[in-house]
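Below is one structure, written out as structure tokens, with a few remarks after it.
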């Protein structure tokens, strides 16, 4: 078995140059970013992200009845770099001390209670969930600068819904959001074509479609995409610069290979995800780079059987089990937008 020959890592000096460029951009945008982050509601239950346990918010839900979660405030991951997360990107909840866990997806979110019991909340930050019951990686959680607030109460308003194509759902690890919505298919598109719109600004989303394809020679991933603008202005292979748009396949061994359009990394550059919790499972492959071609449709086809051993060590998996769309703009908080269509694995 040969080692992955496409997997690479940039040197320390190259990454340092990227960091300096990123830091300069964040300083230029610091005023804009601070103005986008919401203020704390002084009467809300306040969290700082350092809480070791889920917090009882004082509201008891009744299964089948609606309740509203209003969130406010923000947490600073690194205030000198203007790295701040709005409350709706970090507040999660569960009912009765058990899963499933759910994420709010706006300043106000209406849920239909899925169980009876006390509603508990958690400011997740960059922690990695280890189960959908709300257990997380055991590393010590540190309080962040800033605070986020939560208010929960009964409501007669309708529960929030998501305009997604049939068969697509949000990845449980990232939670629900407003990044994706169904788009109008082209007139000449196949009857089963999936068209999706992506709009991201200071948030993150992963959308998944379940499938089962035998992993065998000749298996390809195909898609069309129109990227209007990218969420990062610099190379995305570092934690703070890891804002990007991509499409991915997940295999039955739990690993995923994601194809992205990079701001600065060269085409065919392959690297491990720099984020804790994802670095052992996700590999990125740059298929387009720079700003040339933005605003135009492009058709792509990747030979998954050929790409896998070049990017991921170990035995090949047996099956492809999901397709993902990934959009992240949570670090630099730049706006990015894209359209996807004609997604196929076969």
How do 284, 201 line up, fewest other C-beta atoms within 10 Å first? 201, 284
Is the range 97-170 best put as rounded, prolate or oblate by its Cα gyration tensor, with a ≥ b ≥ c the root eigenvalues, rounded for a/c under 1.5, and otherwise prolate when a/b is larger than b/c, oblate when not? prolate
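Mind giving me the FRET efficiency for residue 233 and residue 318? R0 is 41 Å, r the Cβ-Cβ distance, nearest 0.05 is fine. Could you put the intermediate results ahead of the total?
On the way: r = 40 Å, r/R0 = 0.97.
After rounding to 0.05, the efficiency reads 0.55.
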Quick one: length gained pulling residue 60 to residue 116 fully straight, 0.36 nm per residue minus the C-alpha distance? 19.4 nm
Order of 240-248, 27-35 by packing, highest average Cβ count within 10 Å first? 240-248, 27-35
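Given axes a ≥ b ≥ c from the Cα gyration tensor, I'd like to know whether the range 284-336 is rounded (a/c under 1.5), prolate (a/b larger than b/c) or oblate. Can you show the working numbers first?
Details: a/c = 2.29, a/b = 1.69, b/c = 1.36.
Cα axes put the range 284-336 in the prolate bin.
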Between the range 217-249 and the range 293-346, what is the separation of their alpha carbon centroids in Å? 6 Å
What is the distance, in nm, between label points placed 7 Å from the Cα along the Cα-to-Cβ direction at residue 23 and at residue 79? 1.8 nm
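Among 223-229, 147-153, what's the highest-first ranking by average C-beta atoms within 10 angstrom per residue?
Working: 223-229: 18.3, 147-153: 21.4.
Result, highest mean first: 147-153, 223-229.
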I need 282, 36 ordered by Cβ neighbour count within 10 Å, fewest first. 36, 282
Rounded to the nearest 5, the percent of antiparallel DSSP beta bridges in the chain equals 90 percent
Sort the range 218-282 into rounded, prolate or oblate with this rule: let a ≥ b ≥ c be the square roots of the eigenvalues of the Cα gyration tensor; rounded if a/c is under 1.5, and if a/c is not under 1.5, prolate when a/b is larger than b/c, oblate otherwise. oblate
How far is helix 12-28 tilted off the main Cα axis of the chain, in degrees rounded to 10, range 0 to 90? 50 degrees
Gap separating the Cα centres of the range 63-94 and the range 133-168, nearest whole Å: 7 Å
The chain: calculated mean residue ellipticity at 222 nm from DSSP helix runs of at least 4, using -39500 (n - 2.57): -3000 deg cm²/dmol
What does the convex hull of the alpha-carbon atoms of the range 45-154 project to on average, in nm²? 6.1 nm²
Listed values [x] 26; [y] 39; [z] 23, entry calculated as percent of Cα pairs over 34 Å apart: [x]
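Values in this text are rule-based calculations from the coordinates and carry no lab data. Predicted model, so just to flag it, every value in this text is computed and none were measured. Counting neighbours? That spans all protein chains shown, and the Cβs are built from the backbone with ideal geometry, glycine included.
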